[in-house]
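Report on the following structure.
The values are calculated or read from the model by the stated rules, or taken from the named source; none is laboratory data. Quick caveat: nothing in here was measured; it's all calculated off a predicted structure. Backbone-built Cβ (ideal geometry, glycine too); neighbour counts: all protein chains shown. For the accessible areas, the whole protein counts, side chains as well, though only heavy atoms, and no ligand, DNA or RNA atoms are used. Shrake-Rupley method; radii C 1.70, N 1.55, O 1.52, S 1.80 Å.
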Amino acid sequence: MTSETRDNNLPARMEAEFSELLGELTACGHQATELLVRTRLPRWCRRSLFFFLGYIAKSEGRVTEKDIGFAETLMKALKLSGRQRRKAIGHFRKGKTAERIPALKALGLRLTHRIWPSPSLRVAICLCHAAQLQGRPEKPRRYRCEDAIDQMGLPIRVSDDVLDSYASKVWITEPESQPRPSTFEQACQVLGVTRRDSREVIKRAYRKKVSECHPDKLAQQKLSPAELTRAKDRLLRYQQAWELISQRLSV
């Protein structure tokens, strides 16, 4: 890891841009292709983007249909011509065959990310989306995603925060089936928030979640015994998550 990315604190301008993009990602239903449709991406970023997509796709030895499908939807989102599409496929293939990232790869993103952070951050979000196409990414996919983000000069915290957002908004759909949260990050995921959110935001999310499965509300619905049990278990997970978060934030 380079010395430039050892500091996990983002510059103020980058932090503001990153927060805005994460909000836009949530508004897009965590569809990175839709994010690019809404925010666009400079043409000079495509070479690095598709190379890194191929690099991540081959992380576990075999490129899946989901990897290819995601690359194709990005090409459509970017409205690539036939010639541009062939170039993108070529970059993707080069990424597949690379054992490591060449030293000068993504140099443009690396040189511009501090004065113009948006392109590198949008590429990073697309790479994180690629890493989690199968759900919570295994170590090889996550490590290659982190390598690519590091190569662009961004702190690894960027990938952590993007994947945290996916974890809290996409991956956990049945919190009652999860074990009791034991870390702050797990508790945030149960409540559908991230560690970037303020206490007030987290508290509002907790109250909303609890209201959805509170016994008083359930009594008005015709639920089966199994549905009532799941609702009670879900309520318990929400309460456990809020208890852990409250303890952490009061320290």
Q) What pairs come up if the first residue lies in the range 92-121 and is in contact (Cβ under 8 Å) with a residue 60 or more places away in the chain, the second is aromatic (Phe, Trp, Tyr), and their beta carbons are under 7 Å apart, counting only those six or more places apart or on different chains? A) GLY108/TRP44; LEU121/PHE18
(Q) Restricting to the range 187-204, give me the number of residues that are surrounded by 20 or more Cβ atoms within 10 Å (Cβ to Cβ) and assigned to a helix (DSSP H, G or I). (A) 6
**Q.** Matching entry among LEU111, LEU127 (being open to solvent by 50 Å² or more (accessible area, probe 1.4 Å) and of a type in the set (A, V, I, L, M, F, W, C))
**A.** LEU111
(Q) Name the single residue that is surrounded by the fewest Cβ atoms within 10 Å (Cβ to Cβ) among those in the range 85-108 being out of contact with any Phe, Trp or Tyr (no Cβ under 8 Å at 6 or more places or on another chain) and among the hydrophobic types (A, V, I, L, M, F, W, C). (A) ALA103
Q: State whether one or more residues within the range 166-180 are over 25 Å from CYS28 (Cβ atoms) and at pLDDT 90 or above.
A: yes
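Does LEU133 count as under 25 Å from THR183 (Cβ atoms), among the hydrophobic types (A, V, I, L, M, F, W, C) and touching a Lys or Arg at 6+ places or on another chain (Cβ under 6 Å)?
Spelling it out, LEU133 is indeed under 25 Å from THR183 (Cβ atoms), among the hydrophobic types (A, V, I, L, M, F, W, C) and touching a Lys or Arg at 6+ places or on another chain (Cβ under 6 Å).
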Q. Are any residues in the range 151-185 crowded, with 21+ Cβ neighbours inside 10 Å and over 19 Å from LEU22 (Cα atoms), and if so, which ones?
A. GLN151, PRO175, PRO181
Q. Quick check: anything in the range 48-61 on the phi < 0 side of the Ramachandran plot, in contact (Cβ under 8 Å) with a residue 24 or more places away in the chain and among the basic types (Lys, Arg)?
A. yes
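If we keep just the residues of the range 43-78 that are touching a Pro at 6+ places or on another chain (Cβ under 7 Å) and more than 14 Å from ALA88 (Cβ to Cβ), which is surrounded by the fewest Cβ atoms within 10 Å (Cβ to Cβ)?
Step one: of the range 43-78, the residues touching a Pro at 6+ places or on another chain (Cβ under 7 Å) are 45, 59-60.
After this cut, where a residue has to be more than 14 Å from ALA88 (Cβ to Cβ) as well, the list is 59-60.
Details: SER59: 21, GLU60: 15.
Looking at residues that are touching a Pro at 6+ places or on another chain (Cβ under 7 Å) and more than 14 Å from ALA88 (Cβ to Cβ), I get GLU60.
Please find, among ARG62, ARG114, ARG83, the residue that is part of a loop (DSSP other than H, G, I, E, B), out of contact with any Asp or Glu (no Cβ under 7 Å at 6 or more places or on another chain) and farther than 27 Å from CYS28 by Cα. Can you show your working first?
Values: ARG114 fails: farther than 27 Å from CYS28 by Cα; ARG83 fails: part of a loop (DSSP other than H, G, I, E, B).
Only one candidate passes the filter, namely ARG62.
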Q) Considering only the range 222-251, how many residues are assigned to a helix (DSSP H, G or I), among the β-branched types (Val, Ile, Thr) and either over 18 Å from LYS208 (Cβ atoms) or free of Cβ contacts under 8 Å to residues at least 12 places away in the same chain (or both)? A) 1
Q: Check off (1) within 20 Å of HIS113 (Cβ to Cβ); (2) part of a helix (DSSP H, G or I); (3) modelled with pLDDT of 90 or more for GLU4 and give me the number that stays unchecked.
A: (3)
